[in-house]
Amino acid sequence: MLTQKLLVYLITIFHLLLADNLKGYKGYNKYTITYDNVETYRYLLDLEENDGKVNFWSLGRNMSIAVINSENQLIFEERLKELKAKFKNRVLLDEIACLNFSTPAESSNDNLEFDEFRPKRQARGFFTHYPRYKEILNYMSILAKHYPQNCRYESLGRSFEGRHIAALSIFRNNRVRDRRVVYIQGGAHGREWIAPVTVLYLANEILGNLKTFERYLNDVEIYLVPLVNPDGYEYSHTSDRFWRKNRHQYPGRSCVGVDINRNFANNWNRRGASANICSEVFAGTAPASESETSAVVRYLEHNRNRIKLSVDVHSYGKFIFYPYGYSRTAYAHTRNFLHGVATRAASQIAKYRGTLYRVGTSANILYEASGGLDDFAYGNLGIPMSFTLELPGEDFHVPLTDIIDVCKETFAGFLELIRHASLF
């Protein structure tokens, strides 16, 4: 007779193998590649920019992770051997089967309605699964209704498919004008499910403990956009678990989507981005060509003189990046200050359970990438502090049991960053 634990495991695997968002990955292998020569790095970088058949989960100067279909695996392996790169590969669905996924009932809760605000302990149950788009909006709306004197719920604009890009403004006193602004966004890449809930956790904790954190709100408004790319996020739930881009469809073209994190104006489409529509890092047809990007740009430009901190939350890798990411030889004129602030935020994160973040520019730690929010906010708008957080994890799917810990430790880092913003 099956034990209850084994039965639950088998049911989970059964649901996993039937999940619509994983069906397209039958026969795919996940490759972990290590190398110490620039030729391998350049080969992989060229694949990311120009070959839509390879899906990179991580790309660094000495180690990369790529997911490849069965038709292209032999050629890929032969080329890696020619370059003397080392690699390990595993069937992707076998790898995913070990992860703790939401059940279908949890992950398809589009029509969830909240009749009344739940007590704090119940509200934290929200952070034990990955909510869908409508559930995220409902949760934000409830926070604003429950704290009308300290929170405002609004829309920055609409996505390509017409979904709201929802925002929460959190403040201590609605009568205070010209506050410093902290801007934090998440979910620019659809597959990075942990980012939106981490941003929402910040809202939940600040609003649920206003007296404790009121010193952070004395003259600072916290402006949160948990899900910048709602179309890609929904598509990763329903059709393709590892979808990265938005869902911009071009007439007569089979490839879909633009990488929002390559679509900002700073050194647009220069390095680490692509003009190939099928590439994972397709930069779009022009800077801010995407409705999602232009919505963010409008807000940032309108408030550029008040915004003191911009944070773009991504997954995964345990990094805090600051400008500039587009070139290894480009340096922010305040890089020592930015490095110090990021290091102190990383130190606060580590106090919770020992998670260690690396601090620096993405160009020097990983690879050059142009058109990101961090470079745009700092370089184009003059926002004094601009960072990208790459949250913990060895995969894009953080196990459900780890969500709350990632939220809590990141919250400590957020507070440290906000504290510095209040000093400007």
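The values are calculated or read from the model by the stated rules, or taken from the named source; none is laboratory data. What you see is a predicted model, and the numbers here were worked out from it, not measured in a lab. Neighbour counts are summed over all protein chains in view; Cβ atoms, including those assigned to glycine, are modelled from backbone coordinates with ideal geometry. The protein model used for the area step is the full one, side chains on, heavy atoms only, and it has no ligands, DNA or RNA in it. Shrake-Rupley method; radii C 1.70, N 1.55, O 1.52, S 1.80 Å.
Below are the figures for this structure:
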read-out	value
Residue match in region 321-332 (condition: in the same structural domain as residue 406 (by the TED database) and either part of a helix (DSSP H, G or I) or at positive phi (or both))	no
Qualifying helices (runs of 4 or more DSSP H) (wholly inside region 44-121; at least 3 residues being at pLDDT 90 or above)	70-82
Inter-residue pairs, beta-carbon under 7 Å, first open to solvent by 10 Å² or more (accessible area, probe 1.4 Å) and in region 406-424, second of a type in the set (Phe, Trp, Tyr), 6+ apart	408/352; 411/201; 412/352; 415/216; 419/216; 422/216
Residues (open to solvent by less than 10 Å² (accessible area, probe 1.4 Å), assigned to a loop (DSSP other than H, G, I, E, B) and of a type outside the set (Gly, Ala, Ser)) located in region 369-386	383
Some residue of region 164-181 being open to solvent by 30 Å² or more (accessible area, probe 1.4 Å), assigned by the TED database to the domain that holds residue 292, closer than 22 Å to residue 208 by Cα and of a type in the set (Val, Ile, Thr)	yes
Total residues in region 58-80, condition out of contact with any Ser or Thr (no Cβ under 8 Å at 6 or more places or on another chain), closer than 24 Å to residue 366 by Cβ and open to solvent by 70 Å² or more (accessible area, probe 1.4 Å)	1
Which listed residue, of 31, 35, is hydroxyl-bearing (Ser, Thr, Tyr), under 23 Å from residue 271 (Cα atoms), at pLDDT 90 or above and surrounded by 15 or more Cβ atoms within 10 Å (Cβ to Cβ)	35
Region 257-286, residues that are out of contact with any helix residue (DSSP H, G or I) (no Cβ under 8 Å at 6 or more places or on another chain) and over 20 Å from residue 314 (Cα atoms)	270, 275, 277, 278, 285, 286
Of all residues in region 379-424 being within 19 Å of the chain's Cα centre (by Cα) and among the aromatic types (Phe, Trp, Tyr), the one that is nearest to residue 92 (Cα to Cα)	396
